[in-house]
Amino acid sequence: MTEKLGNYTRSYFDPALGKPPRVWFLCGHKLGDNRQLLALAEALGWPYSAKRFFYRPYELLVGRWKATLLGIDRRRSDPLTPPWPDLILTAGRRNEPVALWIREQAAKIGHLVRIVHIGRPWAKLSHFDLIVTTPQYCLPPWPNVRYNTFPLHDLTQTKLEQAAQAWRERIHVPAPWLALLVGGSSGPYVFDRRAAIILARQASALAQKRSASLLVTTSARTAPEAAKALVSALEVPAEVHLWQPDKDNPYLGYLALAEEIIVTGDSMSMLAEACFTGKPVHIFPFGAGRWAMRPEAPLASQVPFWHRDRLRALRSALALTLAPRRLKRDVRCILWATIESGRAVWLGEEFRKPAPAPTDELAQTVTCVKALLGS
């Protein structure tokens with residue numbers, strides 16, 4: 001649809017024409033961000049084009065809070081040329097200036113581009129039509145900010161049923177089963193050998209109490225030394241999958257087949273998917289000091305100060321302490337809310353009230369996005 005404005009024509013998506021909007025999905029450098037974007041793009045049901053970029057080393061210096069392509073290597077990245085999209089889905093600070101640049105170019109010919117950002121933008125919130133976020137990012141309750149309980153994911157009951165069918169006969173330890181989903185060091189939190197051994201013992205204790213076996217899967221962030229320590233400390237029958245790129249992953253099968261789920265407190269995506277199953281979820285907290293996941297039961301790291309994970313955690317803790325509130329990320333906001341709601345308990349505790357039914361936040365987010373375009 002077009003509208004004559006002075007000497008130029010302004011165009012925008014009109015659902016009455018029966019044509020789907022043109023959607024661009026800007027891929028980032030973080031797998032978790034891309035998974036959320038892909039889940040939303042697929043759920044919208046509109047055709048979309050994925051745009052992939054190669055970033056320059058100095059992108060942080062040139063791309064803050066303005067529309068520019070100076071932070072990407074245009075020769076190696078996907079082309080950005082008309083026809084311009086009606087909707088941009090993006091996440092991560094590196095793609096913010098790119099999304100704003102696309103909208104700026106489209107505006108020169110009178111074409112309106114909507115931008116939906118997942119997570120926490122660094123640019124002004126007013127630059128985005130919709131921001132889909134979670135409590136960990138501490139954003140103000142603006143009209144264009146939608147708060148979800150958990151990060152978006154594409155898990156469905158149908159996928160769980162298919163995974164259960166695919167993996168049931170491939171598990172060689174006796175049922176019933178408890179799933180153990182293991183993350184790793186993240187932000188100010190270090191998941192080292194000590195944390196891994198304590199997790200193994202607590203998970204084994206729960207499995208013994210339930211007369212169950214463990215289905216264990218690590219992730220890309222699980223350090224090899226931590227994974228080795230965890231496996232060695234298990235005290236019950238266990239099927240163990242050590243994460244490797246491109247290796248057949250039983251993660252969904254374990255989620256589907258387990259009667260209860262244990263998840264480390266560093267991964268909000270794993271926690272979201274565990275809670276989506278509607279099964280009892282147990283969170284293993286770690287970290288100590290100001291940023292302990294569970295201050296009343298801190299678990300300090302024992303790796304030396306010069307260890308890469310410890311140095312990275314110290315840098316993260318310093319940044320979180322000094323950064324403005326809007327640029328902080330505190331996963332404890334989600335962990336504590338999940339415990340308070342009864343969706344999960346700390347590992348070692350028992351449930352005191354029934355967990356609420358899972359909500360389909362992806363479908364609710366789709367409704368909000370479609371409302372932006374008048375669908």
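Note down the magnitude of the dipole of the stretch 157-358 about its Cα centre, charges +1 on Lys and Arg C-beta and -1 on Asp and Glu C-beta and zero elsewhere, to the nearest 20 debye. That gives the stretch 157-358 a dipole magnitude of about 760 debye.
Of the residues Ile334, Pro356, Tyr254, the one whose Cα sits farthest toward the positive end of the charge dipole of the chain, with +1 on the Cβ of Lys and Arg and -1 on the Cβ of Asp and Glu, is Ile334. Using Cα centres only, tell me the gap between the stretch 117-186 and the stretch 215-258 in whole Å. Measuring centre to centre over Cα atoms gives 19 Å. If Lys and Arg each add +1 and Asp and Glu each add -1, what is the summed charge of the other residues whose beta carbon sits under 15 Å from the beta carbon of Arg294? Taking every Cβ under 15 Å from that of Arg294, the sum is -3. Overall, the chain carries a charge dipole of about 1380 debye about its Cα centre when +1 sits on the Cβ of Lys and Arg and -1 on the Cβ of Asp and Glu, all other atoms neutral.
A simple rule links phi to the HN-Hα coupling: the Karplus curve 6.51 cos²θ - 1.76 cosθ + 1.60 with θ = phi - 60°, which for the stretch 241-257 gives 10, 8, 4, 9, x, 6, 8, 3, 10, x, 3, 5, x, 5, 4, 6, 8 Hz, with x for Gly and Pro. Treating each Cα of the stretch 157-358 as one equal point scatterer and applying the Debye formula with no solvent, the log10 of I(q)/I(0) at q = 0.14 Å⁻¹ comes out as -0.81.
What would the Debye equation give as log₁₀ I(q)/I(0) for the stretch 18-131 at q = 0.09, 0.18, 0.19, 0.22 Å⁻¹, counting only Cα atoms as equal point scatterers? For the stretch 18-131, the Cα-only Debye profile gives -0.21, -0.88, -0.99, -1.37.
In terms of the mean number of neighbouring beta-carbon atoms within 10 Å, the peptides 103-112, 257-266, 196-205 order highest first as 257-266, 196-205, 103-112.
May I ask which residue of Pro21, Gln157, Pro176 lies farthest towards the positive end of the charge dipole of the chain, with charges of +1 (Lys, Arg) and -1 (Asp, Glu) on Cβ and the Cα centre as origin? It is Pro21. Using a cut-off of 22 Å between Cα atoms, the listed pairs Lys159/Lys370; Lys279/Lys328; Lys66/Lys108 include Lys159/Lys370; Lys279/Lys328 as exceeding that distance. Work out the charge dipole of the chain with +1 on the Cβ of Lys and Arg and -1 on the Cβ of Asp and Glu about the Cα centre, then indicate which of Ala212, Ala238, Ala227 is farthest towards its positive end. Of the candidates, Ala227 comes out farthest on the positive side.
Packing here is the average count of other Cβ atoms within 10 Å per residue, and on that basis the peptides 229-239, 351-361, highest first, run 229-239, 351-361. Near Ile198: Cβ cut-off under 14 Å, other residues only, Lys/Arg at +1 and Asp/Glu at -1. The net charge is +2. The DSSP beta bridges internal to the stretch 157-358 are antiparallel in roughly 10% of cases. Couplings 3J(HN,Hα) for the stretch 271-279, derived from phi with the Karplus relation 6.51 cos²θ - 1.76 cosθ + 1.60 (θ = phi - 60°), are 5, 4, 5, 5, 5, 4, 5, x, 8 Hz, where x marks Gly and Pro.
Computed from the coordinates by the stated procedures, all read-outs in this text should not be read as laboratory data. What you see is a predicted model, and the numbers here were worked out from it, not measured in a lab. When we count neighbours, we look across all protein chains shown, and the Cβ atoms used for this are built from the backbone with ideal geometry, even at glycine.
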